[in-house]
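A short write-up of the structure that comes next.
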Amino acid sequence: MTTIITPKIKISELNLSIDKQEILKNINVEIPENKITVLLGPSGCGKTTLLKTLNRLTDLYDNVKISGSVILDNEDILHTKSDITKIRQKMGLLSQRPYPLPMSIYGNISYGLKIKGVKKKKILDERVEHYLKEVNLWEEVRERLHHPASALSIGQQQRLCLARGLAVGPEIILADEPTSALDPLSSQAIEEMFLILKKNYTLVLVTHILRQAKRIADYVVFMYLGEVVEQGPAEEFFSSPKMERTKAYLKGAFN
Amino acid sequence: MIKKAEEIFFRILMIISTVAIAAALLLIIFSILYNGLPALSWEMISQIPKGGFYFGKEGGILNAIIGSLYLSVCSTLIALLIGLPVAMYMNVFMIKHRNTLNSVRFILDILWGIPSIVYGAFGFVIMIYFGLKTSLLAGIITVSLFIIPIMVRSMDEVLKTVPSGLLESSLSLGSTKTEISFKIFLRQCIPGIVTAVLLSFGRAIGDAASVLFTTGYTDSIPESLSDPAATLPLAIFFQLSSPVEEVRQRAFASAAVLTFVILLISIAARILSARYNRNKIKF
Ligand SMILES: Nc1ncnc2c1ncn2[C@@H]1O[C@H](COP(=O)(O)OP(=O)(O)OP(=O)(O)O)[C@@H](O)[C@H]1O
Ligand SMILES: [Mg+2]
């Protein structure tokens, strides 16, 4: 059973090398809209690099060579002439550990709104409350919105970072092992949130946790040494993998 | 057994060096106060010298206090206005060009290491070239040149500690690099940046060699940028080399004033930076 799905992002023939060392080799992936796409693969296979290519954080690397295309909304973001900050605003990033901004809790959420030009305090207040509620943080912090974000626990900080990303109004959420620094309860909270968020957003999630992938993935991309070995809808991928490498990985033969 | 002996050895070494440093510091402060307090009076800090700075036992060092403050505050401000953007540029915009960045750091380290008398001589050459006389302006320019590398490198060391994840997160929010510099990195690093400014200010107000040829020395309070100006370190130097015993004692009083000014500004800056410190994220 294959349903036709509209790709939100289309990656074609993407190659990336740093200092002449090939890191991504001929990647062709279509990321479906309003689904959770999980990138799986052993450590060092290029998952983080692929994720960072999507919002051009690879611009920060020295001596990097990229070829191929990443099409988002009919625009090749690798070769576009339009403002990269606008493109990045279409994608929220959730990293392995939270990096709150050195401001208050309120300041963290309103930051993205303010750089987009929202000035009215009333609108800011309302939006801050809205996004904090969306990530289930409102009840925990409503009394101390103007306290520094650094005082929150790591799990709360991660939810704050998610809310901060949502406040910018993205269409896509990129998450790089977002639960690896969290306790089981906070991880579960993030997972449940993703399942709700996929109604309105396209999610790309890197994870090491097979069980997590099984729980929430709609589409799976399995990478090995910079190449995509196998990809497909989650059910198919987990129940009847085609490639030997995939079978070995799913059995836990290598990590 | 050997482990234990090793531990005891290093503990003793640590205690000895800590005590040595503290003792040296206390000794310096004590000798300044012991020799200077008898000569320190309201007159000393509220009047300009009478009868020349070399032989005069009357009057005070107000000329040098004012001159030093003008000189160091102005040059610290100039160095801050140039140094902060440069340090930000290095850590937000140039992050990708690691090799260039390393060369820039290396050059700044060399500039930091050049003795201030060389900057003084350089300033002197420039002055002659432009036909300037010894003046407050020439001194401010020279001292700025000499503290800019200090300012940039010490801010750079602080900005370097910001994790790349914070830069990546901020970029992902769609911030421009200028916004990241002045809205995020600046907030995260305020305490360190204040320390950098203080370090530079301390060097500016405490340096004698770079102002010797450029600012000159005078008994009066400068009224414009083109007037020469007295400075505290030079006041100490001239008073100490006087043949008159009372004048030599006044040198210690001047040193006490200089120490006190630095102390006052440090405390004020610490209080200011503590107010921003609470938002800093500990990574
Ligand atoms: N800035 C860089 N400079 C040079 N090589 C890099 C850089 N970043 C990543 N690499 C290399 O690229 C390869 C892929 O790294 P990447 O971080 O994408 O792996 P990953 O799949 O995310 O691994 P993990 O699961 O451990 O996070 C690795 O071999 C790594 O050494
Ligand atoms: Mg990774």
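The values are calculated or read from the model by the stated rules, or taken from the named source; none is laboratory data. No experiment lies behind these values; they were computed from the predicted model shown. FYI the Cβ positions are ideal-geometry reconstructions off the backbone, even for glycines, and counts take in every protein chain you see. What goes into the accessible areas is simple: the full protein's heavy atoms, side chains included, and nothing from ligands, DNA or RNA. Shrake-Rupley method; radii C 1.70, N 1.55, O 1.52, S 1.80 Å.
Some notes on this structure:
- Unique residue being open to solvent by 10 Å² or more (accessible area, probe 1.4 Å) and on the phi > 0 side of the Ramachandran plot when the list is A:ASN15, A:ASN34: A:ASN34
- Residue in the stretch A:61-73 that is more than 14 Å from chain B (Cβ to nearest Cβ), within 14 Å of ligand 1 (Cβ to nearest atom) and of a type outside the set (Gly, Ala, Ser) present: no
- Screening the stretch A:85-102 for residues that are open to solvent by less than 30 Å² (accessible area, probe 1.4 Å), farther than 17 Å from B:LEU166 by Cβ and not polar (S, T, N, Q) and picking the one that is nearest to the other protein chains (Cβ to nearest Cβ) gives A:MET91.
- When the residues of the stretch A:170-188 are filtered to those that are away from ligand 2 (no atom under 16 Å from the Cβ) and within 14 Å of the chain's Cα centre (by Cα), the one that is most open to solvent (accessible area, probe 1.4 Å) is A:GLU171.
- Residues of the stretch A:29-60 that turn out to be within 17 Å of A:HIS79 (Cα to Cα) and either in a strand (DSSP E or B) or of a type in the set (Lys, Arg) (or both), as a count: 2
- Count - residues of the stretch A:37-60 that are away from ligand 2 (no atom under 14 Å from the Cβ) and open to solvent by less than 50 Å² (accessible area, probe 1.4 Å): 4
- Number of residues in the stretch A:148-165 that are in a helix (DSSP H, G or I), buried (at least 21 other Cβ atoms within 10 Å of the Cβ) and within 11 Å of chain B (Cβ to nearest Cβ): the value is 5.
- Test set (1) within 16 Å of ligand 2 (Cβ to nearest atom); (2) away from every other protein chain (no Cβ under 14 Å); (3) without any contact (Cβ under 8 Å) to a residue 12 or more places away in the chain - A:ASP76 fails condition number: (1)
- Looking across B:PHE182, B:PHE237, one residue alone is within 14 Å of chain A (Cβ to nearest Cβ) and either assigned to a helix (DSSP H, G or I) or surrounded by 21 or more Cβ atoms within 10 Å (Cβ to Cβ) (or both). It is B:PHE182.
Residues checked against (1) touching a residue at least 24 places away in the same chain (Cβ under 8 Å); (2) assigned to a strand (DSSP E or B); (3) among the acidic types (Asp, Glu):
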residue	(1), (2), (3)
A:LEU174	yes, yes, no
A:LEU182	yes, no, no
A:SER186	yes, no, no
A:GLU191	yes, no, yes
A:ALA213	yes, no, no
A:VAL220	yes, yes, no
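So that you can scan it fast, the table gives a plain yes or no per residue for (1) within 14 Å of chain A (Cβ to nearest Cβ); (2) at negative phi; (3) assigned to a loop (DSSP other than H, G, I, E, B):
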{"residue": "B:THR195", "(1), (2), (3)": "no, yes, no"}
{"residue": "B:GLY202", "(1), (2), (3)": "no, yes, no"}
{"residue": "B:ILE205", "(1), (2), (3)": "no, yes, no"}
{"residue": "B:GLY216", "(1), (2), (3)": "no, no, yes"}
{"residue": "B:ILE221", "(1), (2), (3)": "no, yes, yes"}
{"residue": "B:ALA256", "(1), (2), (3)": "no, yes, no"}
{"residue": "B:THR259", "(1), (2), (3)": "no, yes, no"}
{"residue": "B:LYS282", "(1), (2), (3)": "yes, yes, yes"}
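- Filter pass, B:ASP156 being more than 14 Å from chain A (Cβ to nearest Cβ), surrounded by fewer than 14 Cβ atoms within 10 Å (Cβ to Cβ) and within 20 Å of B:THR195 (Cβ to Cβ): no
- Scope the stretch A:226-255; condition in a loop (DSSP other than H, G, I, E, B) and either of a type in the set (Phe, Trp, Tyr) or over 22 Å from A:GLU22 (Cα atoms) (or both); matching residues: A:SER240, A:PRO241, A:LYS242, A:MET243, A:LYS251, A:GLY252, A:ALA253, A:PHE254
- Filter result for A:ILE209 (within 16 Å of ligand 1 (Cβ to nearest atom) and within 30 Å of A:LEU250 (Cβ to Cβ)): yes
- Residues (more than 16 Å from ligand 1 (Cβ to nearest atom) and either in a strand (DSSP E or B) or surrounded by fewer than 15 Cβ atoms within 10 Å (Cβ to Cβ) (or both)) located in the stretch A:1-12: A:MET1, A:THR2, A:THR3, A:ILE4, A:THR6, A:PRO7, A:LYS8, A:ILE9, A:LYS10, A:SER12
- Checked against the criterion of being closer than 25 Å to B:ALA235 by Cα, among the β-branched types (Val, Ile, Thr) and more than 14 Å from every other protein chain (Cβ to nearest Cβ), the candidates B:ILE78, B:ILE82, B:ILE107 yield just one match: B:ILE78.
- Here A:TRP138 passes the criteria (1) within 13 Å of chain B (Cβ to nearest Cβ); (2) surrounded by 14 or more Cβ atoms within 10 Å (Cβ to Cβ) except the one numbered (1).
Residue-by-condition table, conditions (1) in the same structural domain as A:MET193 (by TED's automatic domain parsing); (2) modelled with pLDDT under 90; (3) under 21 Å from the mean Cα position of the chain (by Cα); (4) open to solvent by less than 80 Å² (accessible area, probe 1.4 Å):
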{"residue": "A:ASN108", "(1), (2), (3), (4)": "no, no, yes, yes"}
{"residue": "A:TYR111", "(1), (2), (3), (4)": "no, no, yes, yes"}
{"residue": "A:GLY117", "(1), (2), (3), (4)": "no, yes, no, yes"}
{"residue": "A:LYS122", "(1), (2), (3), (4)": "no, no, no, no"}
{"residue": "A:TYR131", "(1), (2), (3), (4)": "no, no, yes, yes"}
